[in-house]
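A.B. asks: I am attaching a structure below and will ask some questions about it afterwards.
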Amino acid sequence: MRTFGCVCGQTLFFENVACERCGREVGWCPSCRVIAALEPLGGGTYRCANAGCGAVLVKCANYARENVCNRCLPAAEAARGLCDACRFNRTIPDLSMEGNRERWAELEAAKRRLLYTLDLLGLPYGSAADGFDPPLAFDFKADAIPVDGLWRWMGEGERVFTGHADGKITINIREADSVEREKRRVDLGEAHRTLIGHFRHEVGHYYWDLLVRGRHEAEFKRVFGDHENPPYGEALQRHYREGPPAGWKDRFVSAYATMHPWEDWAETFSLYLDITSVLDTAVNMGLIGPLDFADLHGMVGRYRQLGLVLNELNREMGLIDVVPEVLHAPVVEKLGVVHALVRRQAG
Ligand SMILES: [Zn+2]
Ligand SMILES: [Zn+2]
Ligand SMILES: [Zn+2]
Ligand SMILES: [Zn+2]
């Protein structure tokens, strides 16, 4: 990520809806692809105030009406209503329930960061109307019956599982509740549990369908193992019965990755997006020098160095490590498969 600038000179951030100094409304301009001040033209239209752009825009309906988005779309396409990030939503939370609008806003913010990184990498994604198979879509749903305590032992009637199926990414909106999420992280012994992490993991499954299925399965199997044997259901049961195999840390990025080659892929893909976005931000903030994003080993080396610094800074403040994983050679080899596929897509 990078920062942006208001016409008044103030720094703007990716999530901003107004300038902290001059009070101007700001939003994402799809034309010049920055967060820019919005100059009102009347009738709900705005001009992008970014020098040299001047695009005539309207706010996304989820910005203007719902306050969960900060993107705009070209005024000529106002009839679409939703921006390039919100148009993938299939199900949104029930806004009559207290707290759901705030949870939804958290989900949208994480989703916009995800899409920013996918765009940065030049990765394709699209809806059915765009001709994508599978089409990307998001379901943000709540449990039908509220449950007390830990979700892993959900009662009957609770059936919203965070996951991916045929391009559809479902996130249980309970994940947007920081207290619930932390309880679950501790229960599952995870190093991190974040909304952006969920999006990065689930979109990894989407890209398996899009980039690997029927195209590069042999290459995948050679490094990640056979995804057809044992079948997914069997692997899932074994994982929850027996836990990860001894010594998994030498070969896998997380305990969850040991469950099945598809989960290993999704966890590795998620790590690849972590590395890309953290390094991109570090370069843009001047924390590290320029970096060749075509060179995976260079990226991994920088990420390791940066991780040491970031972890120490966080420990100084009593916070969790930013980079908890140790990147052993087998994990880097898996990252190499992801990297090669991503680069090939990006041309
Ligand atoms: Zn300003
Ligand atoms: Zn613009
Ligand atoms: Zn939007
Ligand atoms: Zn998964």
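A.B. asks: Just one of the numbered conditions (1) open to solvent by less than 20 Å² (accessible area, probe 1.4 Å); (2) in contact (Cβ under 8 Å) with a residue 60 or more places away in the chain is not true of Ser254; which one?
C.D. replies: (1)
A.B. asks: Among the numbered criteria (1) outside any helix (DSSP H, G or I); (2) polar (S, T, N, Q); (3) open to solvent by less than 40 Å² (accessible area, probe 1.4 Å), which one does Ser96 miss?
C.D. replies: (3)
A.B. asks: From the list Val331, Val300, which one is in contact (Cβ under 8 Å) with a residue 40 or more places away in the chain, closer than 30 Å to Gly214 by Cβ and surrounded by 12 or more Cβ atoms within 10 Å (Cβ to Cβ)? Steps first, answer last, please.
C.D. replies: Values: Val300 fails: in contact (Cβ under 8 Å) with a residue 40 or more places away in the chain.
Result: Val331 is the single residue among Val331, Val300 that is in contact (Cβ under 8 Å) with a residue 40 or more places away in the chain, closer than 30 Å to Gly214 by Cβ and surrounded by 12 or more Cβ atoms within 10 Å (Cβ to Cβ).
A.B. asks: Search the stretch 26-39 for residues that are closer than 16 Å to Gln10 by Cα and more than 6 Å from ligand 2 (Cβ to nearest atom) and pair each with any residue that is in a loop (DSSP other than H, G, I, E, B) and of a type in the set (Ser, Thr, Tyr) when their beta-carbon atoms are under 7 Å apart and the residues are at least 6 apart or on different chains.
C.D. replies: none
A.B. asks: Among the helices (runs of 4 or more DSSP H) lying completely within the stretch 205-294, list those that include at least 2 residues that are modelled with pLDDT under 95.
C.D. replies: Values: elements: 217-224, 232-242, 261-284.
Once the helices (runs of 4 or more DSSP H) in the stretch 205-294 are filtered for at least 2 residues that are modelled with pLDDT under 95, what remains is 232-242.
A.B. asks: Also: Quick check on Thr117: is it within 15 Å of the chain's Cα centre (by Cα) and away from ligand 3 (no atom under 12 Å from the Cβ)?
C.D. replies: On the way: within 15 Å of the chain's Cα centre (by Cα): yes; away from ligand 3 (no atom under 12 Å from the Cβ): yes.
The answer is yes for Thr117.
A.B. asks: Among the residues of the stretch 125-139, count how many are modelled with pLDDT of 95 or more, more than 11 Å from Lys168 (Cβ to Cβ) and in contact with a helix residue (DSSP H, G or I) (Cβ under 7 Å, 6 or more places away or on another chain).
C.D. replies: Count: 1.
A.B. asks: Given the structure, is Cys83 closer than 24 Å to Thr170 by Cα, at pLDDT 95 or above and within 16 Å of ligand 2 (Cβ to nearest atom)?
C.D. replies: Values: closer than 24 Å to Thr170 by Cα: yes; at pLDDT 95 or above: yes; within 16 Å of ligand 2 (Cβ to nearest atom): yes.
Answer is yes for this residue.
The values are calculated or read from the model by the stated rules, or taken from the named source; none is laboratory data. Here the structure is a predicted model, which is why all the values come from computation and not from measurement. Positions of Cβ are generated from backbone atoms using ideal geometry, with glycine treated the same way; all protein chains shown enter the neighbour counts. The area values use the complete protein model at the heavy-atom level, side chains included, leaving out ligands, DNA and RNA. Shrake-Rupley method; radii C 1.70, N 1.55, O 1.52, S 1.80 Å.
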